[in-house]
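The values are calculated or read from the model by the stated rules, or taken from the named source; none is laboratory data. The structure presented is a predicted model; accordingly, all values stated were derived computationally and were not measured. Neighbour counts run over all protein chains shown; Cβ positions are idealised from the backbone, glycine included. Note: areas computed on protein heavy atoms with side chains; ligands, DNA, RNA excluded. Shrake-Rupley method; radii C 1.70, N 1.55, O 1.52, S 1.80 Å.
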Amino acid sequence: MSAKRQSDDVLPERAKFVHESRAALLSVFVHADAQADLSGALTPDLRPLPLPKALEVIDGLPDGDFEPAQTIAGLRLTSAVLLEDKKELEPYLTELLGVNARSFRGSIRDALLRPRDGRVESVTYADLRRIFYSDSSRDLRGDFRRRRSPPAPVSPAKDSEQRPKPDPAILARLQAESTREDERTGRREGVLKDIQSCFAGPAEQPLRARRESRVDLNSLVTTVDIASESRWDFPTLVSALDPRNWKQSKFWPASDQMQLSETTPPVFTPVEPSSQKGPSWHGYLFEHVEWNWNLQRISSFRNFLEIDFAVDPVEQWIRLQFALYSCEGSELSVLKQKRGIDVDSGFQCVAALPASPGQQNGAFKLRTVKHVRFADLLDRRTPNQGPAGVGLFLSFLAPSLVGLWMNELLDSLERNPPS
């Protein structure tokens with residue numbers, strides 16, 4: 001394996017507070033996951049932020065970043081305390097949300113009382129997500145503290161940094177383009193005949209002990225399986241879930257559609273936005289995913305994925321399937337290498353739910369499944385590789401890391417629809 005040392009003088013330039021937000025959230029997820037608490041295998045400059053420092057960083061984020069970070073971190077700490085019985089995290093949950101952890105537990109159970117028999121048999125991750133995001137739980141979240149320190153000044157976001165919000169009037173155009181795409185490729189019947197099959201499986205099982213993110217210790221493949229709901233309108237969901245828009249996440253500096261030449265060797269070239277057909281498309285995507293170990297160090301992976309993104313605007317369903325084509329390279333702290341991930345696959349499905357009485361727009365159910373395995377990045381021939389076991393550390397870190405990536409991508413979809 002070849003590896004070279006890169007300059008570690010400065011972090012790459014990113015939007016304001018991206019490094020701080022990513023470092024703080026990773027710290028919360030790592031400390032909430034006992035499997036990932038192997039920081040003793042790392043040198044001090046690679047260790048995630050201490051949890052108290054992470055909460056301090058979240059509190060200092062500007063208004064546009066504070067609430068999402070507090071919500072994502074609060075949901076993870078709440079699930080650790082309530083579902084995984086990690087009582088040692090109760091003081092941090094109280095610190096972050098400004099509520100007593102034990103009384104908050106009672107408030108959640110009261111909010112989840114089943115109308116039929118007035119009992120709560122179990123609380124699931126999906127239940128907690130609804131508590132943190134849905135309109136019906138706004139009063140419960142009203143007790144969350146806002147911030148102790150004044151918000152840091154930040155320049156207004158540029159239009160290009162905003163999540164796309166297409167007009168619902170484009171639905172007719174989406175339908176026409178999807179029909180032409182189906183006629184050209186003939187893919188719908190063979191691949192996406194039964195969208196409901198996406199939702200059959202563990203994500204719908206209301207098991208208290210079942211975690212959203214877990215690693216198979218035999219294969220070292222991490223699986224994230226998240227069930228969620230959204231009340232966004234369908235065209236907006238199509239745009240938000242298109243893999244070409246993953247770059248809206250703080251963790252994805254790039255996600256661009258590519259085409260593969262028929263030359264030998266084959267070469268990837270970008271697909272110009274003006275020539276992209278949609279909303280359904282099949283092809284390749286270049287993804288650059290990045291995270292902060294802490295406020296001084298980052299790591300990243302650059303992959304080419306094969307994508308099948310299918311949309312039915314009439315039946316209102318979406319199904320994304322993706323699989324790793326090749327890994328261009330990775331960056332682990334200060335080492336650049338030509339490998340990094342050897343498994344990266346999964347799917348994401350969206351289907352309409354029946355509208356509730358008195359509601360104009362019904363909700364959509366989502367299921368997101370992602371499988372990841374980090375390659376053995378380091379070996380004894382790699383200079384400056386650090387302590388033995390650093391490569392394996394990534395496999396144990398993966399449930400926290402990949403769970404954070406997916407929660408951050410899905411976070412806004414369960415919030416109130418964009419105005």
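Worth a mention:
- Meets criteria (in contact (Cβ under 8 Å) with a residue 12 or more places away in the chain, hydrophobic (A, V, I, L, M, F, W, C) and assigned to a loop (DSSP other than H, G, I, E, B)) for residue 285: no
- Once the range 25-53 is narrowed to residues that are under 18 Å from residue 86 (Cα atoms), more than 19 Å from the chain's Cα centre (by Cα) and at pLDDT 90 or above, the residue that is surrounded by the most Cβ atoms within 10 Å (Cβ to Cβ) is 51.
- Number of the exception - residue 415 against (1) within 17 Å of the chain's Cα centre (by Cα); (2) modelled with pLDDT of 75 or more: (2)
- Among (1) over 17 Å from the mean Cα position of the chain (by Cα); (2) more than 21 Å from residue 344 (Cβ to Cβ); (3) open to solvent by 10 Å² or more (accessible area, probe 1.4 Å) - the single one residue 229 does not satisfy: (1)
- Residues located in the range 324-342, provided they are over 22 Å from residue 250 (Cα atoms) and either open to solvent by 40 Å² or more (accessible area, probe 1.4 Å) or at pLDDT 90 or above (or both): 325, 326, 338, 339, 342
- The residues on offer are 20, 84, 90, and the sole one that is under 18 Å from the mean Cα position of the chain (by Cα) and either open to solvent by less than 70 Å² (accessible area, probe 1.4 Å) or at pLDDT below 80 (or both) is 20.
- Any hit, the range 63-71, residues being under 18 Å from residue 92 (Cα atoms), outside any loop (DSSP other than H, G, I, E, B), modelled with pLDDT under 95 and β-branched (Val, Ile, Thr): yes
- Among residues of the range 180-230, those that are charged (D, E, K, R), modelled with pLDDT under 80, in contact with a strand residue (DSSP E or B) (Cβ under 9 Å, 6 or more places away or on another chain) and not in a loop (DSSP other than H, G, I, E, B), counted: 4
- Only listed residue being touching a residue at least 40 places away in the same chain (Cβ under 8 Å), out of contact with any Asp or Glu (no Cβ under 9 Å at 6 or more places or on another chain) and either surrounded by fewer than 19 Cβ atoms within 10 Å (Cβ to Cβ) or farther than 22 Å from residue 411 by Cα (or both), chosen from 298, 307: 307
- Test: residue in the range 349-360 that is among the aliphatic types (A, V, I, L, M), at pLDDT below 85 and either surrounded by 15 or more Cβ atoms within 10 Å (Cβ to Cβ) or out of contact with any Cys (no Cβ under 9 Å at 6 or more places or on another chain) (or both): yes
- Within the range 263-282, restricting attention to residues that are closer than 18 Å to residue 311 by Cβ and without any contact (Cβ under 8 Å) to a residue 40 or more places away in the chain, the residue that is most open to solvent (accessible area, probe 1.4 Å) is 273.
- Residue 216 closer than 28 Å to residue 79 by Cα and among the acidic types (Asp, Glu): yes
- Residue pairs whose Cβ atoms lie under 8 Å apart, sitting 6 or more positions apart in sequence or on different chains, and linking a residue in the range 76-103 that is on the phi > 0 side of the Ramachandran plot to a partner that is open to solvent by 10 Å² or more (accessible area, probe 1.4 Å) and in a loop (DSSP other than H, G, I, E, B), are 98/143; 98/144; 98/145.
- Sub-7 Å Cβ pairs linking a first residue in the range 234-260 that is in a helix (DSSP H, G or I) to a second residue that is β-branched (Val, Ile, Thr) and open to solvent by less than 10 Å² (accessible area, probe 1.4 Å), at least 6 apart or interchain, are 237/318; 237/350; 238/311; 238/318; 241/318; 241/350; 243/307, ordered by first then second residue.
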